[in-house]
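Working notes, beginning with the structure itself.
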Amino acid sequence: MKRLILILLIVIGGIIMYSQDRKLNDLEKYVIENKGTEAPFTGEYVEHFEDGTYHCKKCGTELFDASDKFHSSCGWPSFDDALPGRVKEVPDKDGIRTEIVCANCGGHLGHVFRGEGYTDKNLRHCVNSVSMKFEERSKEAEAYFAGGCFWGVEYYLQKLDGVISTSVGFMGGHVVNPGYYEVVRGGTGHIETTKVVYNPNKITYEELTKYFFEIHDPTQLDRQGPDIGQQYRSVIFYSSEQEKRVAATLIQTLKNKGYDVVTKLEAAQAFYKAENYHQDYYQNKGSLPYCHSYKKKF
Ligand SMILES: [Zn+2]
């Protein structure tokens, strides 16, 4: 009986593993499973130089990074490096060349050549386009804004197109991993801060920062609306000189418009996420912020 169960498990496991493999079309089968070669200059990735990673068509494993791809004029995608451990070299049946296969599923990729002098690494992974699937690198950047109660700041920032995710927490103080009430009591130096993860292709840091100035009152010192205290200061935590410049320019623009802006620019430090019940506070509650509202300023 035990033996029967074991055999059944192996069969089921095999079926699951098989179904995880993508179904291959005729050309893919010819190249990947029968070690064929696509015609030169016909593959979809020969002249493809987008930023991202190339995966095994059959099992999905990441194999090559676009940063290692180079122009070789040989008619097939060429990489002077593979991701560590992802590509296996085996002697080709022809007794001359070295074949490369996916280290995970054994799918045929192409061949590797050394000593041709194309790049500093002196290596060319010559890969069939049809053996790979390209995945564009997801572009993400982070920004940190503090402008009063973080419930309200997050509420507005998370609605913007191009914002991938937001979270609220604390930054700028000297206490490691503070709790909310520790910050409220004072003395931690921390400020209620919203972390914004965004796609810079869809929204720029400047657009985000402009919006931040429009959803809080940057002329209020050490408070925001009804919330009074150091932890409600208006601060932009910049992560680069570029961000600092963008924010400083916007502050100057507002000053030129007559706003007596007190917002400080400080270098980003460790961000400590607040307790779960503070995250997505208004979204979860289904109500509107008491502390913030939108007002066009630019
Ligand atoms: Zn594979």
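Derivation of every value follows stated rules applied to the coordinates shown; laboratory data play no part. For clarity, every value in this text was computed on a predicted model and none was experimentally measured. All Cβ positions, even for glycine, are placed from backbone atoms using ideal geometry, and neighbour counts span all protein chains on display.
Remarks
- Span-rule helices in the chain, defined as complete DSSP H runs reaching 20 Å or more along the axis (Cα) with Kyte mean at least -0.5: 2-20
- Enclosing the Cα atoms of the stretch 51-116 in their convex hull gives a volume equal to 100 cubic angstrom per residue.
- GNM result for the chain, Cα springs below 10 Å: residue of E135, E116, E275 fluctuating most strongly: E116
- Selection from W76, Y281, L63 lying farthest towards where the dipole of the chain points positive, charges on Cβ: Y281
- The convex hull defined by the C-alpha atoms of the stretch 26-136 has an orientation-averaged projected area of 6.3 nm².
- By the Cβ rule of 4.7 Å, the chain holds the following cysteines without a possible disulfide partner: C74, C126.
- When F213, F298 are arranged by Cβ crowding within 10 Å, least crowded first, meaning fewest neighbours, the order is F298, F213.
- If the Kirkwood radius is taken over C-alpha pairs of the chain, then at 25 °C and 0.890 mPa s the Stokes-Einstein diffusion coefficient equals 105 µm²/s.
- Förster-model FRET efficiency, 41 Å R0, E33 and E142, C-beta, rounded to 0.05: 0.45
- The loop-placed trypsin sites (Lys or Arg not before Pro) in the stretch 14-115, going by DSSP, that have at most 14 neighbouring Cβ atoms within 10 Å of their Cβ come out as R22, K23, K93, R97.
- Label-to-label distance for N284 and R114 is 5.7 nm, based on points extended 7 Å past Cα in the beta-carbon direction.
- Under Karplus coefficients 6.51, -1.76 and 1.60, residue-wise ³J(HN,Hα) of the stretch 125-142 in Hz, glycine/proline x: 7, 9, 10, 5, 4, 5, 7, 10, 10, 7, 10, 5, 5, 6, 9, 9, 9, 10
- Cubic angstrom per residue, convex hull over Cα atoms of the stretch 141-285: 100
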